[in-house]
Each structure stands twice: as C-alpha cells, then as structure tokens.
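All remarks here apply to the structure that follows.
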Amino acid sequence: GTIAQIQVLGPPLPNTNTITSWRLGAYSDTTGWPTCGCYHEGRFWLAGAIPNRFDSTISNDNGTFNFMPTAYSGVVGDSNAITGTFNSSDINTIFWMMPDLQGIVCGTQAGEWLLQASAANNPLTPASIQAHRVTKYGCANVEPKRTGLTTMFVQKFGRRLHEYLSDIFSGRFFSPNASERAKHLTVSGIAEIAYQEELVPIVWSRLTNGKLAGTTYRRVAMSSSAEPVFNGWHQHEFGSGRLLKSFASGPSPDGNLDSITMLTMDPETGVYHVEIMEPMFDEDNVLTDAWFLDNAVVPSTIISTTISGAPALRLFGLWHLNGKMVTAM
C-alpha cells in the first residue's frame, strides 16, 4: 500500500529486468547515524549506529565517502568498502575508534576490540580483516586521546583513566590504571580528556562537576613491567568560580606551544566565556611575564584621566564585570 519514488544514480544498469529487492542504507534518521570514526590506511571508518558493526569507505576514495561494497559487476575487490560485525555474544556499541600499529582499536562498554588484517603487515581489505576482543576493561563514551606512546581512555564507570598499549615483547595489549593513586580526584567522574605535549606533558580531565584535574605524565617504555617515568596528579579550582563545560588542546596564542582552550560558564548568570591557558613558565621567563589568572582579559582601551582631583586610569572592555564587586591592585 506504500508507493515510493526513487532515483538511481551512477552508471547504466547492467540490464532492464524488473528489480524486486532493494537495500536501504544502514544510516538514516530512523536507524541512527554513526557516533565515532577514524581515518586509517586510506579509508574512513565509521561505527556507533548499529551495535557490533563497523563500516569503511572504499580505499583512497579521495574524500567522496563512497561505501560501495562491490563493483558494479558484483565482484568484491580489495579496494571495495568493508562492512563487518563483531562475533560476540553480547551487544557492543562502539564508542570510539583509534588507529594503532596493529590495526584499529575499538572501545566498547564490554571491552576493547582490535580490527586487524588476517596476516601481519597486510592492509585491511574485505577479504583480509578480523576482529577480536583483546581486553575487557570497558570504556566510557568519552573520546580517548593519543599521547607519545599510549592511548588514554576513560574506563566505563568514569572514575578511572587508563593507559592502553601493547607490550613490546609479547604484543599483547595491557591497560594500567593511570589514576590508581588519585581516585579521590575523580569521584564525580571524568567527562572529557585532552592532552598537551609542551612545555609539560599533561593529560587533562574535565570532571562532571565542572572542575579541572590533570596528570603530568610521560611513558618511555612499552613494557607491561615498566611504569611511566612520571604520573603526578593535580587538581585546579577556578578563582572565577566558573564551571568548566568543555575544553580542547591546541596551539597556544603564539602558535609555538600546546595550550588548553576552555569553555567556562558563570553559574550565577549563565554567561559562557572562552578562556585560553597561558603558556607555562620557560627557563628564561621573567616574573613580569606571569599571567596565571582565571578568566583574565586585557582591557581594550586604557585612558589616563582625573577623578575627584586624583590621577586615575579608565579601563574599557571589561563589560563582563558589570555589577561585580572588584578590587584594583
């Protein structure tokens, strides 16, 4: 009783015989859309819309996002798109995908899976791909971040930050708890993480209570028996009283170092601000270069004036302080 009109795009059909079976797309407003993905070996990979399932574009499709599984003749070649399903007894919604030397690591609530070729050093193709659950730590729906040697991810309960790497001797994946000695800092849960490399390597955590925590972290040995060179946690209270809503790691204002850009909110007014963390002190910095203030801003204009017979400065561009009690220093 339903009539639908369709438009067939592409090269001419191989014949004009009546087509009685049609396949709808895997992604739509009714079936859902992918929630994660990555780029690996010339393919764009997507997952998250259908539990246990992953899809890739054709090899090196130059940005056309072509997910064609076969050639027009029906032959499946090595360059055709790949669709696969985890051979699992449970339902695993894929939260994230991270390229690795051995393949693609996929994080789910029930554990971590590895997509890899059937033979070592082979590319991933429709005829050479396998998926295995390699560990069962479980992941939260939080995007992981790549450090120098490891992938850092949030464990499924949101209270632990894990390193993830493969042992250099056995090749097996292992995942030490990087927050083992700082559980009191993550009681509220970790909502988002970011990584900055210079001047100091830090994995930052945005907590669900709007606060900021981090660990000064570096690992140089990919061995399950070796600990990181340092893994020191610290917490930060915002002097402005604002709540951290989102953040990301990127270039510093001068573009020479890493920095954290934060979106913060005043809980009293609901006003949002974008704040950029100033570079940390370098060896040759002088004290007057210091600018470690929360929600600080340079006035847009400063005018020398006289108020009540006394010399004074009039500052412009501080509209966000209207109605606030301030102190001049």
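The values are calculated or read from the model by the stated rules, or taken from the named source; none is laboratory data. It should be emphasised that the depicted structure is a prediction, and the values quoted were computed from it without experimental measurement. So basically every Cβ, Gly included, is an ideal-geometry build from the backbone, and we count neighbours across all protein chains shown. Calculation scope for accessible area: heavy atoms of the full protein, side chains included, ligands and nucleic acids excluded. Shrake-Rupley method; radii C 1.70, N 1.55, O 1.52, S 1.80 Å.
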Under the Karplus relation 6.51 cos²θ - 1.76 cosθ + 1.60, θ = phi - 60°, what is the ordered set of whole-Hz ³J(HN,Hα) values for region 69-77, x standing for Gly and Pro? x, 9, 6, 5, 7, x, 7, 9, x
Would you please name the trypsin sites (Lys or Arg not before Pro) within region 29-138 that are DSSP coil residues with at most 10 other C-beta atoms within 10 Å of their C-beta? 136
Hey, got the dipole for the chain? About the Cα centre, +1 on K and R Cβ, -1 on D and E Cβ, debye to the nearest 20? 1000 debye
Probe 1.4 Å, heavy atoms of protein chains only: per residue, the accessible area of the chain in Å² is 61 Å²
What are the extents of the Cα atoms of region 143-191 along their three principal axes, in Å, largest first? 36, 21, 18
May I ask you to evaluate 6.51 cos²θ - 1.76 cosθ + 1.60, the Karplus curve with θ = phi - 60°, for each residue of region 90-103 and list the ³J(HN,Hα) values in order in whole Hz, giving x for glycine and proline? 10, 8, 10, 7, 6, 8, 7, 10, 9, x, 9, 4, 8, x
Considering Cα pairs under 8 angstrom that are at least six residues apart, work out the relative contact order of region 1-60 and quote it in whole percent. 20 percent
Test of understanding: extend the Cα→C-beta vector of residue 157 to 7 Å, then name every residue of region 100-115 with backbone N under 19 Å from that spot. 108-112
In whole angstrom, largest first, the equivalent ellipsoid semi-axes that the Cα gyration tensor gives for region 237-329 are 27, 21, 11
Could you work out what % of the accessible surface of the chain is carbon and sulfur, using a 1.4 angstrom probe and leaving DNA, RNA and ligands out of the count? 54 percent
What is the gain in length, in nm to one decimal, between residue 238 and residue 168 on full extension, counting 0.36 nm per residue of separation less the C-alpha to C-alpha distance? 21.1 nm
Can you list the lysines whose alpha carbon is less than 16 Å from that of residue 145, not counting same-chain residues fewer than 8 positions off? 156
Within straight-line cross-link reach of residue 324, aspartates and glutamates at Cα separation under 12 Å, skipping those fewer than 8 residues along the same chain: 268
Report the relative contact order of region 21-140, percent, no decimals, based on alpha-carbon pairs under 8 angstrom and at least 6 residues apart. 19 percent
Starting from the alpha-carbon convex hull of the chain, give the projected area averaged over all orientations, in nm². 26.6 nm²
